[in-house]
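This report concerns only the one structure given below.
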Amino acid sequence: MQKMFRSVKAEHVRMVIAGLSAIVSFLILGFITSWVETYKCHEISVWKHVCLLQLIGGMLLFIGSLKNNHWFSLPWLVAACIFIYTLCYKSIAYLSYLDGKLLMVVPLLQIIAGFWTYYVYEVFQDFLQMQVQSIG
């Protein structure tokens with residue numbers, strides 16, 4: 001994480017990522033719930049579970065950043081990978097279900113997945129660096 005933000009500590013970047021996890025999860029839950037009621041897309045209950053995992057992982061990432069414990073980032077990494085998969089899968093599913101309605105949502109979900117992939121990479125690199133420091 002030091003590569004991207006040289007003047008910011010890795011703990012603060014992890015805290016921001018944890019906060020973004022909560023914000024994006026709540027936005028997706030709010031938007032998708034109202035969107036489903038409008039367009040009657042099926043299989044939407046997965047968002048509640050995935051966003052809940054993301055919220056729990058974000059809280060653990062935040063706590064791990066405060067306590068400087070790198071093991072707390074692992075639940076967020078797992079939840080983020082599931083979140084990325086769901087974003088990609090659902091964006092493709094919505095492309096076929098919506099028949100051109102709200103087509104702007106598909107690239108938005110894919111853009112979020114792209115950012116989350118970068119966050120996973122950075123948090124994982126930070127995890128590995130902290131693991132090496134704790135061993136040595």
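The values are calculated or read from the model by the stated rules, or taken from the named source; none is laboratory data. Treat the numbers as computed from the prediction; the structure is a model and nothing was measured. Heads up: the accessible areas ignore ligands, DNA and RNA and are worked out on the full protein's heavy atoms, side chains in. Shrake-Rupley method; radii C 1.70, N 1.55, O 1.52, S 1.80 Å.
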task: Just the number, please: Stokes-Einstein D of the stretch 71-136 in µm²/s, Kirkwood Rh from C-alpha pairs, 20 °C, 1.002 mPa s.
output: 161 µm²/s
- request: Note the full-extension length gain between Asn69 and Ile23 as 0.36 nm times their separation in residues minus their Cα-Cα distance, in nm to one decimal.
  value: 14.2 nm
message: How much accessible area per residue does the stretch 41-124 have, counting only protein heavy atoms and a probe of 1.4 Å, in square angstrom?
response: 54 Å²
